[in-house]
Amino acid sequence: MDGNSAIGEAAIRAGCQCYFGYPITPQNELTEYMAAHLGKRKGCTFIQAESELAAINMVFGASVVGARAMTSSSSPGISLKQEGISYLAACELPAVIVNMCRGGPGLGSIAAAQSDYFQATRGGGHGDYRTIVLAPSSVQELADFTHRAFDLADKYHTPVLILGDGMLGQMMEPVEFKHEAPEVLPVRSGALRGAKGRPSRIIKTLSSNPADVEELNWSLFRRYELIKKEEVTYETFMVDDAKLIVVAFGIAARIAKGAIKNARASGLQVGMLRPTTLWPFPSQKVRELAQNTKQFLVFELNMGQMIEDVQLALEGKGEVSFYGRPGGVVSAPNEVLRVITRLYYQKGLEK
Amino acid sequence: MKTVYTHPKYLKKVPFHYCPGCGHSVIHRLIAELIDEMNIHDRVLGIPPCGCSVFAYNYLDIDMTEAAHGRGAAVATGMKRAFPEAIVFSYQGDGDLAAIGTAETIHAANRGENITVISVNNAVYGMTGGQMAPTTLLDQWTTTTPYGRDAKTAGHPVKMCELVAVLDGSVYVERTAVDSPANIRKAKKAIQKGFQVQMDNLGFSLVEVLSPCPVNWKMTPVESWEWIEKEMEKVFPLGIIKDTTGKKDAD
Amino acid sequence: MKGYIKIDGELCKGCQVCLTFCPKSSLSISDKVNASGYSPALFKEDGECTGCAICAVVCPEVAIEVYRG
Amino acid sequence: MGRSLAQAAMEEGKSATYLPSYGVEVRGGTCNCTVAVSDEEIASPIASSPEYVVVMNQPSLVKFQNQIESGGLLFVNSSLVDSQISRGDIDVVRVPASSMAEELGNPKSVNMVMMGAFIKKTNLVSISTLIDGLASALKNKEDLVEINKKALLAGYGLF
């Protein structure tokens, strides 16, 4: 199954009731999958919206009434969705947003890239907020993380972003779905369903009183602190004796893994840290690894975005190098291997 | 002793923040009366707009959610699709409906979304201080048309009712006004019909209400009510623009 | 007199719309100001009321209640 | 073709990834895909230097012949590709796939002719897995299954 369709199937099995999309390459298979499979399910809705703006605001509406809802797009479309994502975050509404990132800025190329890391992990839209960002690197993880995204969104009442790329979306791999789609669709408590037998509810963010907005921000950030404590995930690969650790996420991490296997075959002690949550970032783990390893190489398909989080996490207690290619040009494993090997000898790690 | 008129049940007992003579509070009141009379309080969901009436939720005692400027029809779409038993209305200003949210409005109408859009047209951006709206009349003074709206540079007033009416998905479109007791009663009846169309699952309904903004028009309240009749209604004619519901009013 | 009205002088913002539409011209403006600084509408001492409720229909502040009988 | 290969490999319990090229490409252009098949977990779905390259037309030969690993196998559709192969460090397998498909009465089955030849030479997956895969991929289209099966066997029988 291709990655985009795997997200669709996983979403349906996670009880996603509404999908609102707008075509943009390279995520169209997801929109098409939902058109074919979600719309016909009882109580479910698929709409091809008139724009990304409309799509994210339909998600907002569905979330207001307590349904599990999602949308997907690629970089330029995600920029348009940022308005709605900011409102979702401010209104403390769950939603799942998929970004099959492409090379930018502007229209850029439709090839795989990781150039939206900053946008994804720094909130993305206006105002002081964060979204949980999951970074899968296989079709299986696209499916698993989609399910997790819905759960996290409901648990913390916040939008959750899945940051993939064109290659992950397009590639085919075996995938196993671990859940059956629920018969009865859940309605989240606290949703607007009409004020029957209870005081009327208001979902809003605007306030004429700045103190109210400050209180909202405090409450958001208390929750963000909790998320940082509870929800950080990552994968490590051969780090125990590593003298050099490659930090990479998503598809770049797979390329790096291939390179690391080859490096190990030539006797280089190289390992990898792969964050699977980009926000919250596994800063603690980076610091932990720095107790034994002083050299870090950040490899990204951009000009260096996650490297800032690695540097911040290290607090100067390790040396960070960077290798990356922007604009949708994807490095091959042997190219990364060359970079690893050169750095390894440059730093005298063979001794 | 018989009470002829008293405070509607679902209008909170708080003073309005609107300027003297404003039409918003009149329209709020009509909606509150209808929710009671139509017995739909249990399942009605409202979306206030950006602008002065963003605080409609401070007055209407019903479940309401904010929406980003212009996105009312999209949010309403999501709500209604995920919760079809609800009666969903968006309350949108002219800028909300006919400028930033034109696409959302047109496409919700075109899909025949089973929602009701109540559009308040006062030919000006009220809350931001009286700038030109898409519905500003030609030659009308606003803070961004200080020499009057010139069609050559600023275009023409946008007539959303007529635009929406040509779409196959819309079933009921009416323009009314807050400028006289008779027209206020007609506005109420139009909104009632809009809700009824939705309850009967017939499709998209739009009720536009011409509404006074005395402060930004630089008029007294009474002058502003008169100006609607004299000037606005020439450009925005009142009446049913489209009704394909096949149902006539009870009277 | 067939009807009478109650005006909430604190809610009224003195917009005078009710004065314009009252078919019996029974309303005027108070010479006092309320807490918000507006001069509220006032039922004239010699005013006639049929309980038609037009004043309430046009009142933007929901400040008028109408009774008949 | 790549997709059915990856599918068959998966059916046989191997790890497989299928990565299509994506974007603006015309028929007769250099549309391509990468398939990785392994007994272990596949790290990168991108191959720096594949062991096998299959080129179906002239532009693809130009674009991809330099990527192949030294000592690797290059499959060319010799009906459409007539130029000399410049590399001396690889083996070339010439399959007149287009003309064979035409002879079979269905020019579109060219890829299955090539596929048959490819798995005969490489032994990556068995022919029976591929034929089973065809049947499940083309449910309710018996005639198409037959056509493709015939093409597959024709390619397979070439060597």
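A few comments on the model shown:
- Estimated translational D of the range A:161-311 in µm²/s (Stokes, Kirkwood radius over Cα pairs; 20 °C; 1.002 mPa s): 110 µm²/s
- Gaussian network model of chain A, Cα within-10 Å springs - most flexible of A:N209, A:N302, A:N57: A:N209
- Between B and A, roughly 2700 Å² of accessible area is buried in total, ligands, DNA and RNA not counted and the probe set to 1.4 Å.
- Remark: accessible surface ordering of C:D31, A:D212 (largest first) is C:D31, A:D212, probe radius 1.4 Å.
- The accessible-area loss of the range B:208-223 on complex formation, taken against its chain alone with a 1.4 Å probe, reaches 50 Å² or more at B:V222.
- Of D:I42, D:I147, D:I131, the one that fluctuates the most in a GNM where chain D has Cα springs shorter than 10 Å: D:I42
- Accessible area of the range A:33-141 belonging to carbon and sulfur atoms, whole % at 1.4 Å probe: 55 percent
- Taking the DSSP beta bridges with both ends in the range B:24-243, the antiparallel portion is around 25 percent.
- Under the convention that each Lys and Arg Cβ holds +1 and each Asp and Glu Cβ holds -1, the size of the dipole of the protein assembly as shown around its Cα centre is about 460 debye.
- Mean-position separation - Cα centroids, the range A:74-98 and the range A:277-351, in angstrom: 29 Å
- Per residue solvent-accessible surface (Å²) - the range C:3-68, probe of 1.4 Å: 46 Å²
- The range B:186-234: proportion of alpha-carbon pairs further apart than 13 angstrom, %: 63 percent
- The magnitude of the dipole of the range C:3-68, with charges of +1 and -1 set on the Cβ of Lys/Arg and Asp/Glu and taken from the Cα centre, is near 100 debye.
- Between A:R264 and B:A154, the simple label model (points 7 Å from Cα in the Cβ direction) yields a spacing of 7.0 nm.
- Placing unit charges on each Cβ (+1 for Lys and Arg, -1 for Asp and Glu) gives the range D:2-156 a dipole about its Cα centre, and among D:N57, D:G155, D:I46 the Cα reaching farthest toward its positive end belongs to D:N57.
- Expected 222 nm ellipticity per residue - DSSP helices of 4 or more, -39500 (n - 2.57), all of the protein assembly as shown, to 500: -10500 deg cm²/dmol
- The range D:2-156, relative contact order in percent, only Cα pairs under 8 angstrom and at least six apart counted: 18 percent
- The range A:18-33 versus the range D:24-90: alpha-carbon centroid distance in Å: 31 Å
- Buried area at the A-D interface (accessible, heavy atoms, 1.4 Å probe, summed, Å²): 1600 Å²
- B:I87 long-range amide H proximity, modeled H, under 5 Å: B:V44, B:L45
- Amide H contacts of A:A112 (H built 1.01 Å from N, under 5 Å, at least 5 apart or other chain): A:G166, A:M167
- Charge sum, other residues only, whose C-beta stays under 10 Å from A:A49's C-beta, Lys/Arg counted +1 and Asp/Glu -1: -2
- Contact order, relative form, for chain B: 18 percent (alpha carbon pairs under 8 Å, 6 or more residues apart, mean separation divided by residue count).
- Net charge over other residues, Cβ less than 12 angstrom from the Cβ of A:L30 (K, R count +1; D, E count -1): -4
- For the protein assembly as shown, share of DSSP beta bridges that run antiparallel, in % to the nearest 5: 35 percent
- Reduced Cα scattering model of the range B:116-219, Debye log10 I(q)/I(0), q = 0.15, 0.18, 0.19, 0.22 Å⁻¹: -0.69, -0.90, -0.95, -1.10
- Take every pair of alpha-carbon atoms less than 8 Å apart whose residues are at least six positions apart; their mean separation over the length of the range A:141-224 yields a relative contact order of 20 percent.
- The eigenvalues of the Cα gyration tensor, multiplied by 5 and square-rooted, give the protein assembly as shown an equivalent ellipsoid with semi-axes of 64, 30, 22 Å from largest to smallest.
- Cα gyration tensor, the range A:167-229 - rounded (a/c under 1.5), prolate or oblate: oblate
- Debye-sum result for the range A:234-346 in log10 I(q)/I(0), which assumes one identical scatterer on each alpha carbon, at q = 0.23 Å⁻¹: -1.38
- The Rg/Rh ratio of chain A, with both radii computed over alpha carbons and Rh defined as the Kirkwood radius, is 1.00.
- If you sort the three axes of the alpha carbon gyration tensor as a ≥ b ≥ c, you get a/c of 1.5 or more for chain C and a/b above b/c, which makes it prolate.
- Shape call, the range D:2-156: gyration tensor on alpha carbons, a/c limit 1.5: oblate
- In this simple spin-label model, placing a label point 7 Å from the Cα along the Cα-to-Cβ direction at both A:Y345 and A:K228 gives a separation of 4.2 nm.
- Dipole check for chain D: with +1 at the C-beta of Lys and Arg, -1 at the C-beta of Asp and Glu, and the Cα centre as origin, the magnitude is about 360 Debye.
- For chain B, the share of accessible area belonging to carbon and sulfur comes to 54 percent (1.4 Å probe, ligands and nucleic acids excluded).
- Loop-located trypsin sites (Lys or Arg not before Pro) across the range D:106-157 with a Cβ neighbour count of 15 or fewer within 10 Å are D:K139, D:K141, with loop assigned by DSSP.
- Cross-link check: pairs B:K189/B:K242; A:K178/A:K261; B:K13/B:K80 evaluated at a Cα-Cα cut-off of 18 Å; pairs beyond the cut-off: A:K178/A:K261; B:K13/B:K80.
- Sorted on the mean count of surrounding Cβ atoms within 10 Å across their residues, most packed first, peptides B:156-163, D:77-84, A:108-115 read A:108-115, B:156-163, D:77-84.
- Residue among D:S98, D:S126, D:S44 with the largest mean-square fluctuation in a Gaussian network model of chain D, springs linking Cα atoms under 10 Å: D:S44
- Computed from protein heavy atoms with a 1.4 Å probe, the total accessible area buried between C and B is close to 2200 Å².
- Centre separation in Å (Cα based) which lies between the range B:7-55 and the range A:125-150: 40 Å
- Per residue, in Å², the accessible surface of the range D:48-159 once ligands and nucleic acids are set aside, probe 1.4 Å: 51 Å²
- A crude spin-label estimate for the pair D:Q67 and D:E146, with each label 7 Å from Cα along the Cβ direction, gives 3.8 nm.
- Percent carbon-and-sulfur accessible area, chain C, ignoring ligands, DNA and RNA, probe 1.4 Å: 51 percent
- Averaged per residue, the range B:1-74 has 30 square angstrom of accessible surface, using a 1.4 angstrom probe with ligands and nucleic acids left out.
- Taking a straight Cα-Cα cut-off under 28 Å and skipping sequence neighbours fewer than 8 places away in the same chain, the lysines within cross-link reach of D:K120 are D:K14, D:K63, D:K108, D:K139, D:K141, D:K149, D:K150.
- Cβ-Cβ FRET estimate between B:M219 and A:E315, R0 fixed at 56 Å, reported to 0.05: 0.30
The values are calculated or read from the model by the stated rules, or taken from the named source; none is laboratory data. Owing to the predicted nature of the structure, the values given are computational and were not obtained by experimental measurement. Cβ sites come from the backbone with ideal geometry, for glycine too, and all protein chains shown count toward neighbours. Keep in mind that these areas ignore ligands, DNA and RNA; they rest on the heavy atoms of the full protein, side chains included. Shrake-Rupley method; radii C 1.70, N 1.55, O 1.52, S 1.80 Å.
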